[in-house]
Amino acid sequence: EPEVTQTPSHQVTQMGQEVILRCVPISNHLYFYWYRQILGQKVEFLVSFYNNEISEKSEIFDDQFSVERPDGSNFTLKIRSTKLEDSAMYFCASSRTVPGNTIYFGEGSWLTVV
Amino acid sequence: DQQVKQNSPSLSVQEGRISILNCDYTNSMFDYFLWYKKYPAEGPTFLISISSIKDKNEDGRFTVFLNKSAKHLSLHIVPSQPGDSAVYFCAASFQGAQKLVFGQGTRLTINP
């Protein structure tokens, strides 16, 4: 069964450092997403990406965040200058269509900012 | 932002019995609802979904019921099995939006 894969599974970084989280969405999917879950809290939407551009983003997704699809398979989330409060599990996800679509999630990248 | 609420943080059920997980929503524009299951340190796994044009959808041991007038949905698992022990999230979306709005999750424990 096709799946969304993410790397790294866990990253520890110092405050102020740049971090790039990588994802390979399911191959025939057209919509890509990043969500995050701070420990003990809800899963929160960050951004959606379609046709090589951001299609929707949340208030959390400020100028410190960016997304990119550098080639035909990878989808990345960059945090330019990490803060302690960026520590969370980051989930990449993809779907074939919207709306009324099923979104499939990767296993997550656990980011710890120290 | 409390548009999707799961008021029970935890639920404990005997193996073989029915598990009923509940979810309420406030935004009447939501028209598509999903349930996800999540194990620790893993991503949410899709279980079952329902469109607002239906009031019930069934897939094996899992059934989702939607009561639009009450803005309430529930997930029934029968019979419950030990492998069902996980955190269950309900999520909602609506036409024109691409994001899912998640509830807080309910931790289900199936006791042997």
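Listed here are the residues, each with its yes/no results for (1) surrounded by 12 or more Cβ atoms within 10 Å (Cβ to Cβ); (2) not aliphatic (A, V, I, L, M).
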| position | (1), (2) |
| --- | --- |
| B:Gln3 | yes, yes |
| B:Val13 | yes, no |
| B:Gly16 | no, yes |
| B:Ser19 | yes, yes |
| B:Phe33 | yes, yes |
| B:Thr45 | yes, yes |
| B:Asn57 | yes, yes |
| B:Asn67 | no, yes |
| B:Ser74 | yes, yes |
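Selection over the range B:41-59 of residues that are without any contact (Cβ under 8 Å) to a residue 24 or more places away in the chain and more than 8 Å from every other protein chain (Cβ to nearest Cβ) gives a count of 9.
Looking only at residues in the range A:67-96 that are within 14 Å of chain B (Cβ to nearest Cβ) and touching a Phe, Trp or Tyr at 6+ places or on another chain (Cβ under 7 Å), the one that is farthest from B:Ala97 (Cα to Cα) is A:Met89. Pairing each residue of the range B:99-112 that is facing chain A (nearest Cβ under 7 Å) and assigned to a loop (DSSP other than H, G, I, E, B) with any residue that is of a type in the set (Gly, Ala, Ser) and crowded, with 21+ Cβ neighbours inside 10 Å, provided the two are 6+ apart or on different chains, yields C-beta distances under 6 Å for B:Leu100/B:Ala91; B:Leu100/B:Ser93. Those strands (runs of 3 or more DSSP E) of the range B:1-98 in which 2 or more residues are of a type in the set (A, V, I, L, M) occupy B:10-14, B:19-25, B:45-51, B:62-67, B:72-77, B:86-93. Of the residues making up the range A:82-105, those that are loosely packed, with under 14 Cβ neighbours inside 10 Å and at pLDDT 95 or above number 3.
The values are calculated or read from the model by the stated rules, or taken from the named source; none is laboratory data. Because the structure is predicted, anything quoted here is derived from the model rather than measured. Glycine gets a Cβ as well: all are built from the backbone with ideal geometry, and neighbour counts include every protein chain shown.
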